[in-house]
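Trainee: Encoded as structure tokens, here's the structure I'll be asking about.
Nothing in this text is a laboratory measurement; each read-out follows from the coordinates by a stated rule. These figures come from a predicted structure and were not determined experimentally. Backbone-built Cβ (ideal geometry, glycine too); neighbour counts: all protein chains shown.
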Amino acid sequence: MVFLNLLENIRSKTDEILEAKNCEPVKFSVESAKPGFGDITCNVPFLLSKQLKKSPQEISRELSEMYNFDDMPQIKNVESHPSGYLNFSIDYTKFNDLVIGLSLQENYGTLEFGNNEKIVVEHTSVNPNKALHVGHIRNIILGDVVSKILKKANYDVKILNYVDDSGLQVADIIVGFTELGFSQESPNNEKFDHYCGDTVYVKTTEKYESDKELEGKRHEILKQIEDRTSEVSKIAQTITRKVLNEQLKTVWNLGVFYDCLNFESQIIHSKLWETIFEKLKSDNQIKYENEGDNSGCWVIPADGEDDKILVRSNGVATYIAKDIPYAAWKLGLVEDPFHYKIHSTQKNSQTLYETTLEGDNKLNFSGSKVITVIDNRQIRLQKIVSGLMAKFKEEGAYTHLGYESVTLSADTVKSLGLSVDGESAQMSGRKGLYVNADTVLETLTKRVYDESKSRNENLSESELQNIANIVAVGTIRYEMIKPDLDKIITFDLKNSLRLEGDTCSYIQYSYARASRILEKTDVKPNFNSAFKLLSSEYEKNLIKKIAMFDVHVNDSVNNLSPKVIAKYSYELAVTFSSFYEHVKVLASETTELLNARLCLVVSFQKTLKTSLGLLGIDAPERM
RNA sequence: GGACCCGUAGCUCAGCCUGGAUAGAGCGGGUGGCUUCGGACCACCAGGCCAUGGGUUCGAAUCCCAUCGGGCCCUCCA
């Protein structure tokens, strides 16, 4: 910890001063100051104004006299600003050594939040009947980055992907295969998930319009899928597995990996629901309706809303009745009915497990906390689930990490050969209104490849491919993480190809430039030296930005907010770019200064790499 | 009808959780900058009644209420 420590020390010093003055405790802030107002700022004079019946300015003056930084050499002084703030200045002649030293450590920015507590993150959870589209990417990347941030905060994170292999959407493509005669092999080597989504699913649901009898078939098929011994169920198993495996390839290409796949069909089969159902009844969490619209149903009350039906009058459980046992399983509230077997070895060579009802291999993928990443359209249901879990466990044990959906811009819709009313449109699998994740990644990779090739004459084919991949994946990730969770992302194919300004490639470029500096000199940075020579504004700004990494990690963990790290990475890159432009490292006047600056460049690189690493983005040496 | 989310520069957004100094970026527009580490860059200019109206407060883009505009959810569908 660097900056957080500094803030914490100033805070406790301030607390001591307030105590000495016999003040009532107040909740004041100590935070990094805006440029021109010192380095660190505290607003406590404003908050004491009423209590002490003095102006903030007066209090500020009084307090500023009472600080003593003998045990905090990194703080130079504190000044009382005419506005009333207390502004602290950093003594960079001391601060530099501390920051540069710590930034080299492997665990730089790591915080102790989790105590190695087990926490489950579930994300992706896409029906295995189609290819992933840009909307799914937001879910996947958010889930992945949140897991990485939690790991950085020392949680033991288990990542799950729930495979809904027995829903109506799956039944729809099975109808296509069994009733409409679609081939179970994709034509022309088309990726199987694309074939199922783009052709079978769209064509089948289209046919429902004109063929009501066919539409009735889907429910029949759905029933047969749920009977694991049926022929249809076996076809469904084969098809969904094939689609899932293609989906996983896409996900792996984005650098996302899981610990375990959970199949809905097995959850249904495991009778977990029956266990939970009894528990809900005996705990009086649900009630049986004898009259009214819901007569004959088991319902669960939702505050401020209509009751939600859990079990229909015909005795069949609704879909939310699948979510509840699964949530309870994730929290380890029920005896684990599953065994585990290896599904595959992922692209990063990490083993991926899957649930199975056979075998005897026991593993544990539950956690004392659970985070479920699902878009905000499901917020109502997720509230019911988390409300129930709070009653079984404790408040906050089950968290729904929600986010707004991804829509398509009018231009992008038109490029798909479809029409729109407004400026954007919700994606729809049925209407074929979506952009596949693979398509986006391929288009972007090509774009980066061309760009990089035009800038580098002497790079080999494999180097270019590697750069294109790193930058393309980074760009998609960055664009998905950067906006607030509550903001709709309007995806525009053309706009997504931007590589200038506030983009991932800008950030990565700053890293590549740093690499060039280090490469062009024979001097090996010697960190066993003093860095007080780094005294220009550009150098101090960069050091301060490097130091503030932990502040942002802290913020992003506390608020489960990945975008904080995206913003920090960009700011760090901007600060370096300015330094790069104004401080000519290799033209340094003395060897001491050259060495100090080279060390700063290394420090920057390490910090940026770690920060980007939390976003799952690679930093290229050259691009 | 009920629930939730959004509204900040021409456009896309940050800041709002945790109220405080001069409301920040990027794109687009305008100007300047490579005989010096890579121009995917840097430096600068123009552009804002922070949707509207009330309230709380010494102080509101930020908290509360209402209104308007946009989105989304609310099936014995999954």
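Trainee: So what is the relative contact order of segment A:51-170, in percent, for Cα pairs below 8 Å that sit 6 or more residues apart?
Mentor: Numbers: 144 pairs, mean separation 27.2, N = 120.
That works out to 23 percent.
Trainee: Rounded to the nearest 20 debye, what is the charge dipole size of segment A:407-553 about its Cα centre when +1 sits on each Lys and Arg Cβ and -1 on each Asp and Glu Cβ?
Mentor: Details: 20 positive and 21 negative charges, 59 e Å.
Charge dipole, segment A:407-553, about its Cα centre: 280 debye, nearest 20.
Trainee: Can I ask one more? Please list, by residue number, every one of the GluC sites (Glu not before Pro) in segment A:257-305 that is coil in DSSP and has at most 13 other beta-carbon atoms within 10 Å. Walk me through the intermediate numbers first.
Mentor: Details: sites: A:GLU264, A:GLU274, A:GLU278, A:GLU289, A:GLU291, A:GLU305; in loops: A:GLU289, A:GLU291, A:GLU305.
Those satisfying the criteria are A:GLU291, A:GLU305.
Trainee: Cα atoms only: what Rg and Dmax, in Å, come out for segment A:409-497?
Mentor: 15.4, 48
Trainee: Something else now. Checking the table A:LYS27/A:LYS76; A:LYS130/A:LYS567; A:LYS347/A:LYS606; A:LYS54/A:LYS567; A:LYS152/A:LYS544; A:LYS308/A:LYS391 against a 29 Å threshold on Cα-Cα, which pairs fail? Intermediate values should be presented prior to the final figure.
Mentor: Working: A:LYS27/A:LYS76 25 Å; A:LYS130/A:LYS567 33 Å; A:LYS347/A:LYS606 25 Å; A:LYS54/A:LYS567 39 Å; A:LYS152/A:LYS544 21 Å; A:LYS308/A:LYS391 17 Å.
From A:LYS27/A:LYS76; A:LYS130/A:LYS567; A:LYS347/A:LYS606; A:LYS54/A:LYS567; A:LYS152/A:LYS544; A:LYS308/A:LYS391, over 29 Å: A:LYS130/A:LYS567; A:LYS54/A:LYS567.
Trainee: Sticking with this structure for a sec: Report the Rg/Rh value for segment A:3-90, based on alpha-carbon coordinates and the Kirkwood definition of Rh.
Mentor: On the way: Rg = 11.9 Å, Rh = 12.8 Å.
Rg divided by Rh gives 0.93.
Trainee: Also, I was wondering about something else. Treating only the Cβ of Lys, Arg, Asp and Glu as charged (+1, +1, -1, -1), what charge dipole size does segment A:3-90 show about its Cα centre? Round to the nearest 20 debye.
Mentor: 360 debye
Trainee: How many percent of DSSP beta bridges within chain A run antiparallel, rounded to 5? Please report the intermediate quantities before stating the final value.
Mentor: Working: 28 of 50 bridges.
Of those bridges, close to 55 percent are antiparallel.
Trainee: On C-alpha positions alone, give me the angle between the axis of helix A:379-392 and the longest principal axis of chain A, in degrees, nearest 10.
Mentor: The two axes meet at around 80 degrees.
Trainee: Right, here's the next one. Averaging sequence separations of C-alpha pairs under 8 Å and six or more residues apart, then dividing by the length of chain A, give the relative contact order as a whole percent. Spell out each step's value before the answer.
Mentor: Values: 1013 pairs, mean separation 92.0, N = 623.
Averaging sequence separation for qualifying contacts and normalising by length gives 15 percent for chain A.
Trainee: For segment A:38-137, state which GluC sites (Glu not before Pro) are in a DSSP loop and have at most 11 other beta carbons lying within 10 Å of their beta carbon. Please report the intermediate quantities before stating the final value.
Mentor: On the way: sites: A:GLU58, A:GLU62, A:GLU65, A:GLU79, A:GLU106, A:GLU112, A:GLU117, A:GLU122; in loops: A:GLU106, A:GLU112, A:GLU117.
Answer in residue order: A:GLU106, A:GLU112.
Trainee: Something else about it: What's the angle, to the nearest 10 degrees (0 to 90), between helix A:134-152's Cα axis and the longest principal axis of chain A?
Mentor: 50 degrees
Trainee: Can you work out the base-10 log of I(q)/I(0) for chain A at q = 0.09, 0.10 1/Å, using the Debye formula on its C-alpha atoms alone?
Mentor: Scattering profile of chain A, log10 relative to I(0): -0.86, -1.02.
Trainee: Also, quick follow-up: Just name one of A:PRO56, A:TYR511, A:LEU7: the one whose Cα is farthest towards the positive end of the charge dipole of chain A (beta-carbon charges, Lys/Arg +1, Asp/Glu -1).
Mentor: Of the candidates, A:TYR511 comes out farthest on the positive side.
Trainee: Hey, got the dipole for chain A? About the Cα centre, +1 on K and R Cβ, -1 on D and E Cβ, debye to the nearest 20? Write down the numbers at each step before the final one.
Mentor: Numbers: 74 positive and 89 negative charges, 168 e Å.
The dipole of chain A has a size of about 800 debye.
Trainee: Taking the convex hull of the alpha carbon atoms in segment A:504-614, what volume per residue do you get, in Å³? Kindly include the intermediate steps, with their values, before the conclusion.
Mentor: Numbers: hull volume 10.8 nm³, N = 111.
Hull volume over Cα atoms, normalised by residue count, gives 97 Å³.
Trainee: Continuing with this model, one more query. Kirkwood Rh, segment A:256-357, all Cα pairs: how many Å?
Mentor: Working: mean 1/r = 0.0648 Å⁻¹.
For segment A:256-357, the Kirkwood estimate is 15.4 Å.
Trainee: Let me ask something additional. In segment A:390-425, what trypsin sites (Lys or Arg not before Pro) fall in a loop by DSSP, with at most 14 other Cβ atoms inside 10 Å?
Mentor: Numbers: sites: A:LYS391, A:LYS393, A:LYS414; in loops: A:LYS393.
Listed in order of number, the matching sites amount to none.
Trainee: Now for a separate question. Report the paramagnetic label zone for A:LYS347: residues of segment A:223-257 whose backbone N is under 20 Å from a point 7 Å from Cα along the Cα-to-Cβ axis.
Mentor: A:241-257
Trainee: Thinking of segment A:494-560 as a set of Cα atoms, what percent of all their pairs are more than 16 Å apart?
Mentor: Details: 1594 of 2211 pairs.
Counting pairs separated by more than 16 Å, the tail of P(r) holds 72 percent.
Trainee: In chain A, with Lys and Arg counted as +1 and Asp and Glu as -1 at Cβ, which of these residues, A:VAL44, A:SER349, A:THR199, has the Cα nearest the positive end of the dipole, that is, farthest along it?
Mentor: Comparing the listed Cα positions along the dipole, A:VAL44 ranks first.
Trainee: Can you tell me the orientation of helix A:212-226 relative to chain A, as the angle in degrees between its alpha-carbon axis and the longest Cα principal axis, to the nearest 10?
Mentor: Rounded to the nearest ten degrees, it is 70.
Trainee: Please give the net charge around A:GLY296, taking every other residue with its beta carbon less than 9 angstrom from that of A:GLY296, where Lys and Arg add +1 and Asp and Glu add -1. Mind dumping the intermediate values first?
Mentor: Numbers: positive: A:ARG312; negative: A:GLU289.
Value of the local net charge: 0.
Trainee: Then there's this: Run the helix sum for chain A: -39,500 (n - 2.57) per DSSP H stretch of 4+ residues, divided by residue count, reported at 222 nm to the nearest 500 deg cm²/dmol.
Mentor: Numbers: 21 runs with 296 residues, N = 623.
Helices in chain A give a 222 nm mean residue ellipticity of -15500 deg cm²/dmol.
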